[in-house]
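**Student:** One structure follows; several queries about it will come next.
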Amino acid sequence: MAPRIVDKRAKRRLIQKAALKVFARTGLSGFKMIDVALAAGVGKGTLYEYFPSKDDLVVGCFEEFMIEFGEHAAAAVGALTDPTEQIRRLIGASFEFCLADRALIDTLFDFYAAGIPRRDGHSLLSQLAPMYRRMIAQVAGIVDAGIARKQFRVTDSRAAASMILAVVDGVMFQIALQTVKADAGLQAEQISDMVLNGLVIANNETT
């Protein structure tokens, strides 16, 4: 009998997806590796083979979170070629993705908190930050396309991308605090209008 071939990438994503569900239930500070192993349907030894420590698992799951978000955003933007509409749909997709499961918002901020340097100097920022930078670069690419088409004002595209993501994160944080009501459609529309009012060149402006 031929040996069974294990798709390591698929197994890794299976564990990551299971861990995200555990994190949503227990938070990052309260989870146990055995709970993740049980949720993934794998042995504890297999879990440690893919993720030797809790920190490795947290970083790996942030990676999975970003992959799933990226896939959702890419599907939402789809075949759109107009940078203005791409920005609008990207913002809408961000709220759709996170508000589809309320626990995702809490998990997202757990990830951010995990990146803050601890008293002993340990931090996951060095591993989490590159994934966030990739997202900034993707949004900056859309802004650059808008500038090239003379739809957007000439600006620092990375700074604009950081601002867009920071505004979305800020509203998500307020939703987590329950200071604003979660309404994906309304919040996406309001933020899109605010962002695009700052970027789009009005008809009466000279370029």
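The values are calculated or read from the model by the stated rules, or taken from the named source; none is laboratory data. From a predicted model like this one, the values you see are computed outputs, not experimental measurements. Note that we place each Cβ from the backbone using ideal geometry, even for glycine, and neighbour counts take in every protein chain shown.
**Student:** So which of 107, 81, 46, 26 ends up being of a type outside the set (A, V, I, L, M) and either out of contact with any helix residue (DSSP H, G or I) (no Cβ under 9 Å at 6 or more places or on another chain) or closer than 21 Å to residue 138 by Cβ (or both)?
**Tutor:** Only one candidate qualifies: 81.
**Student:** Out of the stretch 34-46, which residues are small (Gly, Ala, Ser) and buried (at least 17 other Cβ atoms within 10 Å of the Cβ)?
**Tutor:** 37, 39, 40, listed by residue number.
**Student:** Given the options 49, 64, 71, name the one that is surrounded by 16 or more Cβ atoms within 10 Å (Cβ to Cβ) and in a helix (DSSP H, G or I). Outline the logic, then answer.
**Tutor:** Details: 49 fails: surrounded by 16 or more Cβ atoms within 10 Å (Cβ to Cβ); 71 fails: surrounded by 16 or more Cβ atoms within 10 Å (Cβ to Cβ).
Exactly one residue qualifies, and that residue is 64.
**Student:** I'd like the full set of residues that are of a type outside the set (A, V, I, L, M) and either touching a residue at least 60 places away in the same chain (Cβ under 8 Å) or surrounded by fewer than 16 Cβ atoms within 10 Å (Cβ to Cβ) (or both), limited to the stretch 74-88. Before the answer, list the steps.
**Tutor:** Pass one, the stretch 74-88, residues of a type outside the set (A, V, I, L, M): 78, 81-86, 88.
Of everything in the stretch 74-88, those that are of a type outside the set (A, V, I, L, M) and either touching a residue at least 60 places away in the same chain (Cβ under 8 Å) or surrounded by fewer than 16 Cβ atoms within 10 Å (Cβ to Cβ) (or both) turn out to be 78, 81, 82, 83, 84, 85, 88.
**Student:** Output the number of residues of the stretch 14-39 satisfying the condition of being modelled with pLDDT under 90 and charged (D, E, K, R).
**Tutor:** Count: 3.
**Student:** Listed residues 151, 187, 174; which is over 18 Å from the mean Cα position of the chain (by Cα) and either buried (at least 17 other Cβ atoms within 10 Å of the Cβ) or not aliphatic (A, V, I, L, M) (or both)?
**Tutor:** 151
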